Each structure stands twice: as structure tokens, then as C-alpha cells.
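Taken together, the values in this text are just the output of simple stated rules run on the coordinates, not laboratory data. Predicted, not measured: the structure shown is a model, and the values here were computed from it. Here Cβ is always computed from backbone atoms with ideal geometry, including for glycine, and neighbour counts include all displayed protein chains.
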Ligand code: GTR
């Protein structure tokens, strides 16, 4: 009798394991940057954590260097579920997820510490969660330092120096409006086209942080770098809601935990990369303008805030960010 019951049980278990095999998957993740860039390294770290924690059931394969397309295209793929993870800047999300424009607003953060406090806390969580109805699960913010202007024409010391300059921006209405408020001509363009455009004079300048200014070699064709630090728009790691929904609750937790653990790794790599990039740029003899009076830039931002913080909820979000000490 006992033998018979045990036999039936074994058969049932076998059937079950065929019907519900343990979820196992290699997820695809995109990044515009090269393999050695801190954002790529951070997702790589996250992948190795997941691999370890799940005994190889869950892995991440990264496609760096725009192999799967520019950010706009990869974001569309992620929303469609053709791509599982994507590491992008907040800027290309601004146009369809209004909450993401708020931390990308010019001069909203007083310092890196202020930005960390906001984005690591409840407000950051709120902004990540605002992505869910748009097909993206926001997992973590990564550092992006501060974005500043560089160009091939002349040093920028005040908004007056930017008058009529053709400045490349990301695909974000917010960034377009920011340039216009400063008197420049905004030219939205994909990241991968900027080097050629600077070199051939299609644009006069662009704006980015130290590591991107250096890694793209933009510093070779746009020698004046003015540290006005107008935007601290962070990087973000998102997962397709379609891929997320296929995970068990336990695996979702593991993915969240691995993403959070990769943040600190990214931060250390980021700080090192900033130093390395500064050295490379300085030894190329570039002109770095670091004593800038930011006030005239800040003063020009009224219309930009009015346009993008345009609901009571978004206005409140601005206030809450500013109130973080
Ligand atoms: C970089 C950022 C990229 C991309 C790029 C750009 O700093 O890491 O995700 O947004 O800037 O300007 O397009």
C-alpha cells in the first residue's frame, strides 16, 4: 500500500515539474555606453548577483555601445517587451512620463548630496513607480554627475555667450526648453551622432558630464567646457513590465535587491571614472571654465519650471524636492 502511494506521488511530482519547469532565463539589457562605462559595469554586477543567487536560473546579457539602437529605439523595444532591461538617462522619458522631468529640471538640486538624499529616498521611489503605467518598472537610479555645456566656439561664462549657439540636446522637450530659455538653438539628436555633428560644425556644442564628454571623445572636437552644472538628470535602470510580470514574486524581489545592490558599486566606479576623465581632458589642453556665476542661468529658468511642473502634483513634487535638507 505504502509503496503504491509513494509511486503515485512520484509520478505526480514528475508531471508537475514538466507542467511548471523552474523559471530560467537570460534577460537582455541595453546601454548606449561602451562596456567599460560605469552604468554597464553596474548592470553586469547586478547580473552576476542574480546568477549567483538563483544558481544560474536568471542571467543578464548586456548589449552595450548602442548595439540594439539609440535610447529612443531601445525604450520602445523595452515597452514592447522585446527587450527586458534598459539603462537610460531620465531625459528621453520626460516627454511621456511627466514625473521624470522633475529631477531633470535645471538647477533643482543644490548639490550631489541633495540629489542622493532625494533620489535614494521616498521621492525617488515615487518617480520609479510612476513609470509602471507606461510599461516600465523603474528599478534604480544611477549617478550621472552634473551636465554642463561644451562647445567649439567660445567659452561660455553667462547665458549671453550662448546666444544663437546650436546646442545638441537629448530627445526631451525639457532640455529643448532649457536651451531656448538660455538663448541657444536646441538641436535634439541621438547620442551616437553628436561626435560627427560637432566635428563637421552641424552643431556648435552639446552638454554632458565629465565621463560622457571624455568617453565619446567630444572633448577632442569641443574644447571649451563650462561647468555650469545645469542638470543632474540621473541615469535609470528599467525593466519591461511585460518581462517583470512573467517573474514570480520571489524573483521580482531578487531583481529589485540586485538592482539596489548595484547602485553602490556604480557610485564607486563613477567617482573613479570622473577622476580619470578629468585627467584625460585636462591633459588634452582643453579650456575648463569652472568659476561660473550660476545665478543668471538659474534666473532664466522660470518659464521652464512653469511649463514642466504644470499640475498641482508636479508643483508639489518640486516643492518637496527643494525642501529636502
Ligand atoms: C549620457 C547618458 C546617456 C545619454 C547621453 C546623452 O550622460 O549616460 O544615457 O543620455 O548622456 O546625452 O544622450
Quick check on the chain: what does the Kirkwood estimate of hydrodynamic radius come out to from the alpha carbon pairs, in Å? 21.0
To the nearest 10 degrees, how steeply does helix 312-323 sit against the main Cα axis of the chain, on a 0 to 90 scale? 80
What is the Rg over Rh value, at two decimals, for the range 33-104, using alpha-carbon atoms and the Kirkwood definition of Rh? 1.01
Can you put 231, 148 in order, fewest other beta carbons within 10 Å first? 148, 231
quick note, the range 146-291, DSSP beta bridge pairs, % antiparallel (nearest 5) is 50
Final fewest-first order of 230, 45 on the 10 Å Cβ neighbour count is 45, 230
How many Å³ per residue does the convex hull of the Cα positions in the range 156-296 occupy? 135
Please report the equivalent ellipsoid semi-axes of the range 34-181, computed as sqrt(5 x eigenvalue) of the Cα gyration tensor, largest first, in whole Å. 30, 18, 16
I need the Kirkwood Rh of the range 242-299: take the reciprocal of the average 1/r across all distinct C-alpha pairs and report it in angstrom. 15.6
Helix 249-283 against the longest principal axis of the chain: what's the angle in degrees, Cα atoms only, rounded to the nearest 10? 30
Would you mind giving the three semi-axes, in whole Å and largest first, of the ellipsoid equivalent to the range 94-175 according to its Cα gyration tensor? 29, 16, 10
DSSP beta bridge pairing in the chain, given as percent antiparallel to the nearest 5: 55
Mean ellipticity per residue at 222 nm, deg cm²/dmol - from DSSP H runs of n ≥ 4 across the chain, formula -39500 (n - 2.57): -13500 deg cm²/dmol
In degrees between 0 and 90, to the nearest 10, how far off the longest principal axis of the chain does helix 2-19 point, with axes built from Cα atoms? 30
Expressed in angstrom and rounded, the centroid-to-centroid distance over alpha carbons for the range 271-325 and the range 204-258 is 16
